[in-house]
1. Can you give me the relative contact order of chain A as a percent, contacts being Cα pairs under 8 Å and 6 or more apart?
2. Mind listing the phi-derived Karplus ³J(HN,Hα) values for region A:141-147, rounded to whole Hz, using 6.51, -1.76 and 1.60 with θ = phi - 60°, and x for any glycine or proline?
3. Going by how many other beta carbons lie within 10 Å of each one, how would you line up A:MET303, A:MET88, fewest first?
4. Per residue of region A:20-28, what does 6.51 cos²θ - 1.76 cosθ + 1.60 with θ = phi - 60° give for ³J(HN,Hα)? Whole Hz please, x for Gly and Pro, Karplus curve as stated.
5. Could you derive backbone 3J(HN,Hα) for region A:227-243 from the dihedral phi with the Karplus parameters 6.51, -1.76 and 1.60 (θ = phi - 60°), listing whole Hz in sequence and x where the residue is Gly or Pro?
6. Structure shown: which of B:LYS100/B:LYS162; A:LYS98/B:LYS70; A:LYS63/B:LYS162; A:LYS98/A:LYS329 lie over 18 Å apart, alpha-carbon to alpha-carbon?
7. Tell me, C:PHE238, C:PHE110 in order of fewest to most beta-carbon neighbours within 10 Å?
8. Hey, fewest Cβ within 10 Å first, where do C:ASP86, A:ASP190, C:ASP182 land in order?
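Just so you know, all these numbers are worked out from the coordinates, no wet-lab data involved. All values reported here derive from a predicted model rather than from experimental measurement. A quick note on method: Cβ atoms are made from the backbone with ideal geometry, for glycine too, and the neighbour counts reach across all protein chains shown.
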Amino acid sequence: MPDLIEDDPRIIEFDVRTDEMLVNMGPQHPSTHGVLRLVLRTDGEIVSETEPHIGYLHRCAEKIGENLSPRQWIPYTDRLDYLAAMNMNLGWALTVEKLMRHEVGEKARHLRVLISELNRISSHLVGMGAYGLDLGTFSPFLYAFREREKILDLFEEACGARLTYSYITVGGATADLPPGWLQRCEAFLDQFEPIIKEYHALLTTNAIFVKRTAGIGVLSRAMAIDYGCSGPVLRGSGVDQDMRRDGESLYTGMYDGYAFEVAVQKEGRYPRDHSYPTVPSEAVLGDCWHRFFVRMLEVVQSMDLVRQAIDRYAACPEPLSEPLKLFEKLPVGDAYLETEAPKGQMGFYIVGNGTPIPWRVRARSSSFSNLSVTHELCRGCLIADVPAIVGSLDIVMGEIDR
Amino acid sequence: MKGPGFLESIEAAFPGAVVGSQLEALDPWIEIAPARIAEVCQWLKSRGEPRFDSLQCVTAVDWLETDPKKAAKVSWQPHLEMVYHLWSTSARATLVLKVKLPRWSGDVAGHLPEIPSVAGVWRTADWHEREVYDLSGVSFSGHPDLRRILCPEDWVGYPLRKDYEMPTEYHGIRCR
Amino acid sequence: MAEFLIGLGLPGWVAWSIAALVAAVLLLNVIAGGALVFIWAERKIAARIQDRLGPTRTGGRFGWLQSLADGIKLLAKEDLMPEGADGLLFRLAPYVSFCASFCAFIALPFAFDVVGQRLNVGVFFVVAVLGLEVFGVILAGYASASKWSLFGAMREAAQVVSYEVPLGMCVVVPVMLAGTMDLVTIGEKQAGWMSSWYLFHDPFTFIIFWVYVTCAVASVNRAPFDLAEAESELVAGFHTEYSGLRWSFFFMAEYGSMFLVSGLAAVLFLGGWNGPVPVARLLGFSDGTGESAAYVVRLVGLANLMGKATLGVLFMMWIRWTLPRLRIDQVMTTCLKYCTPIAAVMFAGAMFWQLFLPGGLFPGWGRPAGEIREGWLEGPGGLPAAASPAEDRSSTVTGGDPVERAGLATRSPR
Amino acid sequence: MTGMLDMDIIDISTLTHVVPPLATTLAALPALPIAGINWHSVLFLLFAGLACGFAIAVVAADNVVRMALYLVFSLGATAGLFFLAGAEFIGAMQLMIYVGGTLVLLVFGVMLTAQAPLVSIKPSSSDRTLTAVAGASLLSLLLTAAFSVDAWRGPGVGVVPAPSATPLGMALVGVRVDEPPAGTPVGGRVGYMLPFEIVSVHLLVVLVGAAYLARAKRRRTPRPIDALASAMPVETVATAAPVATMAPTGRSAGGAKSALVGGGR
């Protein structure tokens, strides 16, 4: 066979030049999580180039932040990553407390760990269910939402809302937990433990699921760091980084005394390999399967944290610390803090100028950077792989477009 | 080699690049001359100790007091401030770089201030800088694909500027 | 039927046309009725699998009117046609697809001799017509003038055409065992206890049954192989632009061919109308003992076959709601690298088994050797044996189907 | 025209208990002389009309995909003719090979290439007249040849009532079971084994050739677009020092600090 150099004239007759087609996947598309438009350049079934177009859900929350006091902006943080609103509130509250050098009481600290880890479980459940939908199986989605409903009921008891809570605020939380809440939370965790094995059996070890995800969309370690990916996407590529352990001392102080391991593959092994299924042979570190598996491990990890938080919270005698006043004077200066949200590192930056209204508010979203990798991952894959890859990044458009 | 020695190492590597610094602030930061930001970032990423291999966030803060009464009492001149938050995965250390830019290049309203792009250093800067260009109106020279990312392509104005006026209608849709 | 109408005094040709019409409408109702039941069943099964209730309010306790409600909704919905669509093809596609899947029912027997038209090439005809359904999908894909439908149509065409190969190979094994392609004879040969089913005839046919199930699910575009209307990638594949009645025809064609494929599996491998226990024979009913007995036997046979076919359809629904979807290249590799080679090897295996162990491993299990060989080779040199006295089917021209005359003519299900 | 194939050579007695194959059912219909309709002729006319009509439609249509569709209906009608003539095996073969196989690929090919220029092919008027003349001459040649065969001119021989495929199949593997001409020794007549084998080998060759032509061409230099993502330039990647693994329990080691300040705050 002659050596087929690109500009070899004979190549024309050999290579039937099929013209490439530009296809719009989205913005109204069942498998883009929210309003994302992916322009695919396809050559038959092979996708040669992908370009995400975002901005359909842009509300310029940062501009509004320049007209409201930090406590008034809390409801806007709910709408950033609406699947993990508690973590968003926590991130903003911690940033403002960092600027104002305000320390929260022990009880509030444990309450925050308890609530944010519970919200991580519900966010990962949505991620897992939606990913099953992207790959064509509908049932796991409903199993995941059945469990998430129970968590939402707990949140509803705590703060009255099921999706946009505005519960964790600057200086603590808006209200203390109702009596009996801890027992109900404990009961939920007890019945949730065996269900995790169901999810593993249904998806993680399912032969077709492995075929559709193992070795697809491999994100190399260097590229993950360079594109600023974070959270399960980064840990799925083997980078041992978790803001709850490596972050600012104000944030890691919150997890002081909690025992947990970062869910990342070190030397080819995941921590605490007891009941988890083994990694399939085709799975390459950094592919969709690993990202999915890291999320499943984090659900178990968060359950442990919630149990520890319940004991510590119950052991705190003093009442919950009062949140700061609505219009508290902000010191001059700026502060930036990244917290470990379920989707990745969620950064908030606030610039104070002495008045209660911040001068500049900035939200650095994890899905924004996670999504920017799509054009690298989807190069040369099949059309059916694009939803698999975008689904594995677990993006939320509210957070990306702000 | 963290701590005060770090600042000296940068000044040694790039004499005249470090314009100012503030070590006592909540997040200590260094101010870099606008023209040298790209080289400093490249050095920080590949040769500095510790390696800052991850850019967390790029922000533009518009220092302009629109209210004339307050403007009189204010100590700073109206300017645009670029804030880069860097992160080292190996040493788990943060670093904040600041760059002062004129609000409009040559003080002619409409001409965007120029700053070298760091998209070549960290790929994540590509999208971050596009967002800063889109919302705060800073043009990055050397950026591979400088287009608006959040607002529609043909949107006029830069929303996060303090003196931004929302257009009354956009393609027949009433905005205000 | 026709004689009865002629008896009523209708002119001959009117009687015959009405008889043909009645048969056609009956078959149409099998599909329509089947579709109605399966739509409801799919919703209920999906619900049960997903730990929820499914339709409960529409009509009575178990929401059994849900299919009717769907039907009315589809009738009431506006039949849109995209602007750039090719009018003729767009309108024609669903009916082509539906006719193909309806046409195959003609040769499918529902009980002994209860069949639309008893074709001697029954199996071959069904497999041939099953391949025609892809036309409706290709035309729909092309005519909808949308990129997504084109993708769906491409995938469907590639998948169905390539799955016809292993499907054909799997179908050949029971044909080889029975010695004829006539579905009624194949079903008839599996009469008696469950052990006489071709599924348990030998290990090779057992494996080939499962290969058949995979290929059938793939050629009907269901469950892990439903690439053509993969909602997560192609929005809704080839019927993205369809709505209302036209869409319901595609839906009906899908359920029709699902029922057909499981009916074929029942006849070929699971003994068709012969139940696991030959109830009719044990109770003494058989064709010979009078008209009403024959009717009862056929009724029991009908119930058996419908039961098996419905089990097949429920199995497909069960798979659909548990397994994720395969990618197009994985579907192709399963077809070319797994189904076809396995089918070929099993076919060879079944052939050698039939050659060396026609009577089955232990006596009384398989078919008596003599009867099978006699069925094939009409004695040395292939000369047609003298027509057996019991049944002289063909009058002037000798020959005729040797198998017909081999000991089968007695018609009594054993 | 209707009486061309009269059907009364099959007596009605066969219409007893067993439902005979399709052809004999139709053939055995009482061909009433008066207003009765000879179903066999009606259906024959129907199918023949469909086949010819759609054949003309194929020629007359200008949209490529419509041409392919009409060809499908035309060949489908021919399959109907085969069934009508009692050759069920050939009818099913026609359906599967032509309509199910060839035309699916033809429509497949047409769809892949049916971009704007090809979709509507409008022949110029001079082409039309030229083809009309050529067509007419060929048609007349065909008709004269057909009518010159005396066997076809008289009334039809009638429908062979035994359309079973088994003798056909056995003939293909060399065992002729249908009417042996007088005087041939028993088993002496060799079936069609040789042509059958030749055809199958021929098809195998075609298959291998097609697979060879359509094989994926391994290109030495990948096309610029699909350069692999992992080929990231190395030097921009910082040599991440081995990350200090944190002890699983106990307080986190003071968290991140600013590089400028150094000591923990």
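1. Working: 755 pairs, mean separation 108.2, N = 402.
Taking the mean separation of contacting Cα pairs over the length of chain A, I get 27 percent.
2. 4, 6, 4, 5, 6, 5, 6
3. Working: A:MET303 20, A:MET88 32.
Ascending Cβ contact count within 10 Å gives the list A:MET303, A:MET88.
4. 7, 10, 8, 10, 9, 9, x, x, 8
5. 8, x, 5, 8, x, x, 5, 6, 5, x, 8, x, 8, 7, 9, 9, 4
6. Values: B:LYS100/B:LYS162 16 Å; A:LYS98/B:LYS70 27 Å; A:LYS63/B:LYS162 9 Å; A:LYS98/A:LYS329 14 Å.
Over 18 Å Cα-Cα: A:LYS98/B:LYS70.
7. On the way: C:PHE238 33, C:PHE110 25.
In order of increasing Cβ crowding within 10 Å: C:PHE110, C:PHE238.
8. On the way: C:ASP86 21, A:ASP190 11, C:ASP182 27.
By the 10 Å Cβ count, ascending: A:ASP190, C:ASP86, C:ASP182.
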